[in-house]
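Enquirer: I'd like to ask some things about the structure below.
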C-alpha cells in the first residue's frame, strides 16, 4: 500500500482530532487531584518547609520534608505553589536529595586512586588539601608566563582553568575569584552559565 506524505498527514490529523474529541467525555478531576497531591503528604510524621534550590540564579521553590522524630530530611521535591517553577525541577534540582546526608551512598571520605592503580585508597582531608595545593603550585610554577611573545608583562597562567560553582553565595564567589586571579588564572568560568 503506497501512502503519500499528504495522505499520511491527513490520516494523522484525523486520528489526532478523533482522539482529542473522544476524551471530552472523560472526567479527569480525580486523576489531576491525585497528581497534584504531594507524595510525602501521605506520611503524617513529616514536617514540610519551603526552600529555594541552590543550584542557579533562577530560584526554583522546593518543599523539604523532614521527619519530625529524627529531624532528618526524607524528601525534597518541587513546590507546586511557587510562582517560578510551579513544582517542576531541572535535573540538578530533582537530584538535590542525593547531596544530603540522608543519602546512604553519598561519599563523605576522600578516596584516592594513584596513577595506574586499580584500587581506591581512603585518605584524610588534610592529606587531600595538601596534595591539591602542592599540585596547583607545581602546575602554576611550570606554566607561569611572565611576558608574552611581544615582550609585554602579562603574569598569567594558561595551564590551569577554574570552573565556579553555583552552590556558593556572592561573598564566597568574590573571595574565590580574587584567589584564582591572584594565582594568575585567565580561564575562569561558571558552571551555572555553561
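Each reported figure results from applying straightforward, stated rules to the coordinates on display, with no laboratory input. Quick caveat, the model's predicted, so the values are computed rather than measured. Because the Cβ atoms are built from the backbone with ideal geometry, glycine has one as well, and the counts that use them run over all protein chains shown.
Enquirer: Evaluate the distance, in nm, between pseudo-label points positioned 7 Å from the Cα of residue 179 and of residue 144 along their respective Cα→Cβ axes.
Expert: Once both label points are built, they end up 1.9 nm from each other.
Enquirer: In nm, to one decimal, how far is the modelled label at residue 153 from the one at residue 68, with both set 7 Å along Cα→Cβ?
Expert: Those two pseudo-labels are separated by 6.7 nm.
Enquirer: How would you rank 119, 47, going from fewest to most other Cβ atoms within 10 Å of each one's own Cβ?
Expert: Lowest count first: 119, 47.
Enquirer: Segment 38-106: D in µm²/s via Stokes-Einstein (Kirkwood Rh, Cα pairs, 37 °C, 0.692 mPa s)?
Expert: After rounding, the answer is 266 µm²/s.
Enquirer: Sticking with this one: Quick one: if the Förster radius is 25 Å, what FRET efficiency do residue 50 and residue 108 give, using the C-beta to C-beta distance and rounding to 0.05?
Expert: 0.35
Enquirer: Next question, about the same structure. Given contacts defined as C-alpha pairs under 8 Å and at least six residues apart, what's the relative contact order of segment 73-194, whole-number percent?
Expert: Worked out over segment 73-194, it gives 14 percent.
Enquirer: Follow-up. Give, to the nearest whole percent, the P(r) tail of segment 40-194 beyond 29 angstrom, counting all Cα pairs.
Expert: Of all Cα-Cα distances in segment 40-194, 43 percent exceed 29 Å.
Enquirer: Based on a Kirkwood Rh over C-alpha pairs, give the Stokes-Einstein translational diffusion coefficient of segment 110-190 at 4 °C and viscosity 1.567 mPa s in µm²/s.
Expert: Answer, rounded: 87 µm²/s.
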